[in-house]
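Derivation of every value follows stated rules applied to the coordinates shown; laboratory data play no part. From a predicted model like this one, the values you see are computed outputs, not experimental measurements. Cβ atoms come from the backbone with ideal geometry, glycine included; neighbour counts cover every protein chain shown.
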Amino acid sequence: MTRTLRVAIVAGLTLTAQSAAGSQSLADRVNGAPEGPVAFNFAARSGVCGNGRTFIQTGPNSFSGTFYGSIDETIRTEPCVGGPVRVVIDRAGRIPLSIRTFVGPVDTTMHGVADLGRVSVAQATSYLLSLANSVDGRAGRDAIFPATLADSVDLSNGLIGIARNTALPRETRRSALASLGRSTDGRATIPSAVTEPILAIARDDTDNQSVRQQALSVLSRLEHGAGIPPLMQLAQQTNNRWLQRESMSVLARSGDPRAREFLRTAVRRTDLPDDVLVVALRALGQDYATGEDAALLRSVYGSLTTDRAREAAMSAAATIGGAANTRWLLGLAQDANQPLQTRRRALDAASRSGASITDLVKLYDTTTDPSMKEALVGLYVRNGEPPAIDELLKIIKAEENPAVRRRAISQLSRSDDPRIKQALQEIVSR
């Protein structure tokens, strides 16, 4: 046989093998690989990079993996290399047990892996999403992440199918929803083909509540605030208390100005269920709170009809802080016409709002209720500043109410302050 003929035969066999591999599905190739881990790789989208072993960067300031030291230090010593995405699947027979994802150079220390080499993005994402749609446990959930790193592919339909598949584990469905929300990044508009399925999951009373909460959270994070109007509509669903409350909670964490205005309108309403109103009140004191929100809390307080709502308003005002809120809370604490429980809550809120220990000490001399006095004693003990210690020394020496005095002595018995120890010793020696 001539050398030319041998070369032609080898080339023909190689092309035949390549053609056979190309005609096989990726699932068939993985299933046909030798026992143990199997790997394949595919093109990564722009902006995705990694060191091939421990970390992956998926976008500006978005990382996953393990870092030894700070992220900046790690990247300085180990460059972040763009693509490809490498997936390693560990199996028991044909059953995937775990899926690991790497980006960047191949880790040469990883042995015993059957490497199928480069596959097309279409093959890779189709196979990975099919695993997510069919495999129980961690492997099904973890199959979604590498698919989201693929170059130039729209996974929306596949992710929607996984998210809506109630036969799948909830963590797999939650992962699909989160990835669906991120898949809209960079789009000029968010199509209804994305928002409507998410809304459908959120509305479905028969579905898992954890999955429904994830759907609401994804709506709040959609680009261009596309999910805020639907959330505001859901928060007004008076025939579904759970959906109303959870939608309000998600809006409360949003920095969207429309959500803030919606919350301000909500706390003025008199027809909201108490648990929903409490969420709206507390929300006004959280991130993005303004002076307008603080004034609103103080103004609606008198119209609140339940202890939970009043406590929520006081707590929100304390979180915002500031002189006006502190004065208002101190006024509630001093108001003998207020229920004792309200006064004690206002006292605690005033302390958290930033009331000075001098103002808090002044309250003691204007208070006659033993329970309020005991609350003040506890506050002074926790404060520990010199004016608080001076007031405590006065209380244990001169307080006429024996129960309050005993409470003060009991609380101070654990103090290391030498003046308090001396005062207690004098009392014992009498």
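I need to check one value: relative contact order of segment 256-355, counting alpha carbon pairs closer than 8 Å and at least 6 residues apart, in percent. Before the final figure, lay out each step's value.
Working: 119 pairs, mean separation 23.7, N = 100.
Answer for segment 256-355 is 24 percent.
Choose one answer from Asp151, Asp293, Asp72: the residue with the largest mean-square fluctuation in a GNM of the chain with alpha-carbon springs under 10 Å.
For the chain, modelled as a Gaussian network with Cα springs under 10 Å, the answer is Asp72.
Where a ≥ b ≥ c are the square roots of the eigenvalues of the C-alpha gyration tensor, would you call segment 359-430 rounded, which needs a/c under 1.5, or, failing that, prolate if a/b is larger than b/c, or oblate?
On the way: a/c = 1.87, a/b = 1.29, b/c = 1.45.
Judged from the Cα gyration tensor, segment 359-430 comes out oblate (a/c at least 1.5, b/c at or above a/b).
Please work out whether the chain counts as rounded, prolate or oblate from its C-alpha gyration tensor, where a ≥ b ≥ c are the square roots of the eigenvalues and a/c under 1.5 means rounded, while otherwise a/b larger than b/c means prolate and anything else oblate?
Details: a/c = 3.56, a/b = 2.21, b/c = 1.61.
Prolate.
Among Thr77, Thr305, Thr367, which one moves the most in a GNM of the chain with springs linking Cα atoms closer than 10 Å?
Result: Thr77 has the largest fluctuation of those listed.
Using Cα pairs under 8 angstrom and six or more residues apart, how large is the relative contact order of the chain, in percent?
Numbers: 611 pairs, mean separation 31.1, N = 430.
Normalised by residue count, the contact order of the chain is 7 percent.
Using each residue's phi in segment 133-140, evaluate 6.51 cos²θ - 1.76 cosθ + 1.60 at θ = phi - 60° and report the 3J(HN,Hα) Karplus result to the nearest Hz, with x for Gly and Pro.
8, 9, 9, 6, x, 5, 4, x
Find the Rg to Rh ratio for segment 256-316, where Rh is the Kirkwood radius over alpha-carbon pairs and Rg uses the same atoms.
Working: Rg = 10.2 Å, Rh = 11.2 Å.
Expressed as Rg/Rh, it is 0.91.
Mind checking the full-extension length gain between Thr290 and Arg327? Use 0.36 nm per residue of separation minus the Cα-Cα distance, one decimal, nm.
Numbers: separation 37, 0.36 × 37 = 13.32 nm, distance 1.73 nm.
Extra length available between Thr290 and Arg327 comes to 11.6 nm.
Please build a GNM for the chain, connecting alpha carbons under 10 Å apart, and tell me which residue among Arg100, Arg406, Arg91 fluctuates the most.
Arg406
Of Phe67, Phe55, Phe42, how do they rank once you tally other Cβ atoms within 10 Å and put the fewest first? Please list the in-between numbers first.
Working: Phe67 15, Phe55 22, Phe42 26.
Least to most surrounded, the residues fall as Phe67, Phe55, Phe42.
Which residues does the label zone of Ser64 cover in segment 175-219, counting backbone N under 17 Å from a point 7 Å along Cα→Cβ?
Under 17 Å, as judged by backbone N against the label point of Ser64, lie 175-185, 218 of segment 175-219.
Using a cut-off of 21 Å between alpha-carbon atoms, which lysines can reach Lys373, once sequence neighbours fewer than 8 places away in the same chain are excluded?
Lys362, Lys394, Lys397
Once each part is reduced to its C-alpha centroid, what is the distance from segment 346-371 to segment 145-163 in angstrom?
Cα centroid of segment 346-371 versus Cα centroid of segment 145-163: 57 Å apart.
Between Ala122 and Thr77, what is the spin-label point distance in nm, taking each point 7 Å from the Cα along the Cα→C-beta axis?
4.4 nm
So what's the gap between the Cα centers of segment 32-82 and segment 383-430, to the nearest angstrom?
The two parts, judged by their Cα centres, are 61 Å apart.
Checking the a/c ratio against 1.5 first, then a/b against b/c, what shape does the Cα gyration tensor give for segment 181-274? Before the final figure, lay out the partial values.
Working: a/c = 2.29, a/b = 1.29, b/c = 1.77.
The shape class here is oblate.
Quote to one decimal, in nm, the extra length available between Thr270 and Asp154 on full extension: 0.36 nm per residue of separation minus the C-alpha distance between them.
Numbers: separation 116, 0.36 × 116 = 41.76 nm, distance 4.57 nm.
That pair, Thr270 and Asp154, stretches by 37.2 nm at full extension.
Calculate the length of the line joining the C-alpha centroid of segment 86-106 to that of segment 300-339, in whole Å.
Centre-to-centre (Cα) distance: 56 Å.
Rounded to the nearest 20 debye, what is the charge dipole size of the chain about its Cα centre when +1 sits on each Lys and Arg Cβ and -1 on each Asp and Glu Cβ?
Values: 51 positive and 44 negative charges, 71 e Å.
Magnitude of the dipole: close to 340 debye.
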